[in-house]
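Okay, structure first, notes after.
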Number of protein chains: 4
Amino acid sequence: MNAVGQEPKASRTQTALRGALLALLEEKPFEQVTVRDITARANVGYATFFRRYPDKEALLHDVAAREIGQLLAMTLPILFTVDSRASTQALCAYLWEHRKLWSALLTGGAAATLKHEFVRLAQEQAAMSRRQHAWLPGDLGVVFSVSATVEILAWWLSQAEPPSVVEMAEILDRLVVTPSLATKPPV
Amino acid sequence: MNAVGQEPKASRTQTALRGALLALLEEKPFEQVTVRDITARANVGYATFFRRYPDKEALLHDVAAREIGQLLAMTLPILFTVDSRASTQALCAYLWEHRKLWSALLTGGAAATLKHEFVRLAQEQAAMSRRQHAWLPGDLGVVFSVSATVEILAWWLSQAEPPSVVEMAEILDRLVVTPSLATKPPV
Amino acid sequence: MNAVGQEPKASRTQTALRGALLALLEEKPFEQVTVRDITARANVGYATFFRRYPDKEALLHDVAAREIGQLLAMTLPILFTVDSRASTQALCAYLWEHRKLWSALLTGGAAATLKHEFVRLAQEQAAMSRRQHAWLPGDLGVVFSVSATVEILAWWLSQAEPPSVVEMAEILDRLVVTPSLATKPPV
Amino acid sequence: MNAVGQEPKASRTQTALRGALLALLEEKPFEQVTVRDITARANVGYATFFRRYPDKEALLHDVAAREIGQLLAMTLPILFTVDSRASTQALCAYLWEHRKLWSALLTGGAAATLKHEFVRLAQEQAAMSRRQHAWLPGDLGVVFSVSATVEILAWWLSQAEPPSVVEMAEILDRLVVTPSLATKPPV
DNA sequence: CTCTAATCGAGACGGTACGTCGCGTCTTACG
DNA sequence: CGTAAGACGCGACGTACCGTCTCGATTAGAG
């Protein structure tokens with residue numbers, strides 16, 4: 001029976017903060033985004049920020065986790081699917097659609113946090129359906145896959161004349177997916 | 001050629017600053033190292049710092065370039081050598097020797113700069129002896145190789161029970177070298 | 001007339017707030033007492049405070065007026081009594097009994113408000129039975145008497161080895177009462 | 001050889017801060033003066049304030065001590081002079097000249113600090129030339145004299161139609177000087 | 001005895017000032 | 001001269017408290 005805000009106020013604040021950060025990240029790199037910027041954009045009191053998050057970093061973590069959450073549904077299956085090429089294409093297509101946002105997330109000061117969060121979530125997922133290789137420690141596999149993928153995609157999104165989705169999917173497949181799945185040296 | 005200790009004073013200051021930064025990086029992450037820390041450790045006036053470097057970042061770049069310089073002589077040939085396995089082993093062995101330093105460089109806030117500098121230098125090198133693949137844009141190849149290598153090595157140095165040099169060399173070879181050299185899909 | 005504990009709830013809240021402030025004033029100076037302290041101590045909701053008083057100051061005024069009310073019955077007659085010495089002794093004795101409370105009231109940030117309220121009430125009283133001296137404007141007389149008295153008593157209550165009630169009465173008499181009553185220069 | 005500022009910069013900052021506070025005190029009560037107000041008025045960086053003074057209060061203390069310093073040369077001799085009336089007149093005259101400043105100092109939130117500083121300085125002075133009365137502890141004498149004087153003068157400066165300097169001098173003399181000097185009860 | 005309205009607790013919120021910290025510039029004094 | 005020492009302007013940070021507000025639970029009085 002929430003006629004006005006349709007949502008408990010407390011969480012509206014958080015939503016506003018996350019939205020503000022996302023908006024600002026498309027304007028300038030994370031390190032240059034000030035807490036005041038965020039609260040101003042979110043129409044929220046400065047001090048209120050610290051009631052929700054201890055840090056600017058903490059908000060970024062939250063934002064990252066959520067954005068990655070959506071992406072991860074497409075990213076992780078890649079490594080365990082029969083048709084890996086289809087998966088990488090889906091991933092690239094998704095990224096391309098949200099090009100601007102992800103460009104911001106994977107570039108500048110936010111990238112490190114993003115990647116870290118990415119790895120963390122990927123580790124969790126991987127813990128369940130683990131395919132162990134003798135030569136490749138499980139978590140290194142995850143670290144490599146995620147890092148390389150992120151790096152490749154970051155490169156992609158920052159190009160003036162970027163390759164097509166299909167081309168990137170092939171590159172991803174050959175540079176990341178195939179190597180991490182290989183069970184024995186390719187001679 | 002100056003005798004030891006008699007090199008021009010200006011460069012002695014720079015040496016001291018670089019040394020101080022390296023020492024501090026082994027104590028705390030780069031973002032937490034302040035210019036005052038550095039100058040204090042280097043026994044150099046605070047203002048003097050800014051006569052040598054515009055920035056804390058600039059010093060890091062300098063330090064990074066030098067440390068990488070040594071490493072790069074071993075890293076780059078890997079991709080263009082006949083016996084890649086030997087090269088990766090050499091790389092890992094070198095890193096292992098200077099484990100503490102590189103652990104600091106590849107972890108924390110310095111990592112981004114380090115990797116960036118790494119890529120920059122690698123691009124330069126690669127510009128000369130370019131092996132173009134149709135499916136892999138040249139600079140993406142470099143970005144991927146370097147990033148993945150750095151990430152894998154960073155993982156290695158941060159492990160409690162790290163794999164041996166030989167094992168890491170094999171991993172590197174299979175995850176990074178082989179894929180970037182492949183000319184056609186591995187079927 | 002309500003039995004104890006059955007008085008109207010609204011005024012029970014006020015009583016609790018006044019009590020809480022008095023208690024807190026014995027622990028720390030007024031400026032360091034926060035509204036949250038008070039409401040917590042009074043077992044009253046934070047917002048409720050502002051339903052009763054516009055201000056922290058307003059509560060202090062209320063508290064002050066009441067405490068002074070009791071005291072004033074003894075303070076004011078001093079100046080208009082035949083046996084002033086007896087009156088000053090009564091005043092000092094009363095203060096001594098409630099030493100701890102008045103020590104808190106007359107020291108620290110509350111003192112100014114206290115004195116102000118004191119003067120205000122004294123002015124009211126004095127307006128009725130005014131003895132005008134040519135050389136001493138009426139309200140200055142009040143200001144002087146009250147301020148000096150307060151100051152002297154504050155000094156007394158803060159001493160490690162305070163003079164006796166009788167001694168203080170004499171001092172008060174000679175420093176405050178006699179001079180303000182004098183009608184002509186004492187030669 | 002200070003061509004420009006004619007004064008070491010460090011002390012110029014302090015001077016500017018003191019000046020700014022004095023100026024602001026004539027515009028609004030001390031509690032409403034913000035550190036930012038002060039630094040803005042003094043053309044000084046905000047943080048610089050805290051390099052000089054730990055507190056807004058500390059600056060007030062400094063200002064107070066200096067202003068009182070000048071005044072005290074006239075205030076203290078009053079009690080130990082043969083011709084006390086001349087001294088009180090000098091005091092009142094001085095105050096009247098700097099009416100606006102002292103009005104600000106003796107009114108509002110600054111008053112407490114002012115009086116405290118006043119007493120402190122007076123105690124120091126009094127420690128040297130102590131005339132002990134049996135009935136009046138030395139420091140109470142000082143506290144009373146100073147407090148009463150301050151209070152009387154504060155009243156004076158806040159009047160719409162203030163008495164003349166001569167009248168105030170007489171009042172001061174009869175209310176403060178004579179009583180504190182008396183050696184035996186005036187019968 | 002119920003139902004509506006006032007009142008309360010709890011505490012989130014916008015806002016203002018605080019005091020701290022680090023950067024990069026600038027001044028001063030010294031060797 | 002050039003350097004050490006460090007003051008300074010700047011601007012973000014995170015904290016504290018204020019006074020306003022919303023919200024749900026409690027309670028009182030009207031029906």
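Would you point out which residue out of C:PHE30, C:PHE118 is within 14 Å of chain D (Cβ to nearest Cβ), of a type outside the set (D, E, K, R) and either within 16 Å of DNA strand F (Cβ to nearest atom) or without any contact (Cβ under 8 Å) to a residue 24 or more places away in the chain (or both)? Steps first, answer last, please.
Details: C:PHE118 fails: either within 16 Å of DNA strand F (Cβ to nearest atom) or without any contact (Cβ under 8 Å) to a residue 24 or more places away in the chain (or both).
None of the others qualify; the one that does is C:PHE30.
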Worksheet item: Quick check: is even one residue across region D:11-19 near DNA strand E (Cβ under 9 Å from one of its atoms) and either at pLDDT below 90 or assigned to a helix (DSSP H, G or I) (or both)?
Response: yes
Practice prompt. Pull up region D:25-45, narrow it to residues that are among the polar types (S, T, N, Q) and within 9 Å of DNA strand E (Cβ to nearest atom), then point me to the one that is nearest to D:HIS98 (Cα to Cα).
Written response: D:GLN32
Item to complete: Spot the failing condition for D:THR183; the list is (1) in contact with a Phe, Trp or Tyr (Cβ under 9 Å, 6 or more places away or on another chain); (2) buried (at least 17 other Cβ atoms within 10 Å of the Cβ); (3) farther than 30 Å from D:GLU31 by Cα, and only one is missed.
Response: (2)
Discussion item. Can you go through C:VAL177, C:VAL166, C:VAL143 and tell me which one is of a type in the set (A, V, I, L, M, F, W, C), exposed (fewer than 15 other Cβ atoms within 10 Å of the Cβ) and either in contact (Cβ under 8 Å) with a residue 40 or more places away in the chain or within 7 Å of chain D (Cβ to nearest Cβ) (or both)?
Written reply: C:VAL166
Practice prompt. Go through region C:146-163 residue by residue and tally those that are small (Gly, Ala, Ser) and either touching a residue at least 40 places away in the same chain (Cβ under 8 Å) or closer than 10 Å to C:SER180 by Cβ (or both).
Written response: 3
Worksheet item: Restricting region C:47-100 to residues that are within 14 Å of chain D (Cβ to nearest Cβ) and away from DNA strand F (no atom under 16 Å from the Cβ), which is modelled with the lowest pLDDT?
Response: C:LEU79
Practice prompt. Take the residues in region D:47-67 that are within 13 Å of DNA strand E (Cβ to nearest atom) and among the acidic types (Asp, Glu), then tell me which one is surrounded by the most Cβ atoms within 10 Å (Cβ to Cβ).
Written response: D:GLU57
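So, B:ALA104, is that one within 27 Å of A:ALA110 (Cα to Cα) and in a helix (DSSP H, G or I) or not?
Details: within 27 Å of A:ALA110 (Cα to Cα): yes; in a helix (DSSP H, G or I): yes.
Against the criterion (within 27 Å of A:ALA110 (Cα to Cα) and in a helix (DSSP H, G or I)), B:ALA104 qualifies.
Which of the residues spanning region D:42-73 are β-branched (Val, Ile, Thr) and touching a residue at least 40 places away in the same chain (Cβ under 8 Å)?
The answer is D:VAL63, D:ILE68.
Mind checking which residues of region D:102-115 are more than 14 Å from chain C (Cβ to nearest Cβ) and more than 10 Å from the chain's Cα centre (by Cα)? Can you show your working first?
Taking region D:102-115 first, the residues more than 14 Å from chain C (Cβ to nearest Cβ) are D:102-105.
Listed by number, the residues that qualify are D:SER103, D:ALA104.
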Worksheet item: Which of the residues spanning region B:9-27 are within 11 Å of DNA strand F (Cβ to nearest atom) and within 14 Å of B:GLU57 (Cβ to Cβ)?
Response: B:LEU17
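The values are calculated or read from the model by the stated rules, or taken from the named source; none is laboratory data. Remember, it's a predicted structure, so these values are computed and weren't measured experimentally. For neighbour counting, all protein chains shown are included, and Cβ atoms are generated from backbone atoms with ideal geometry for every residue, glycine included.
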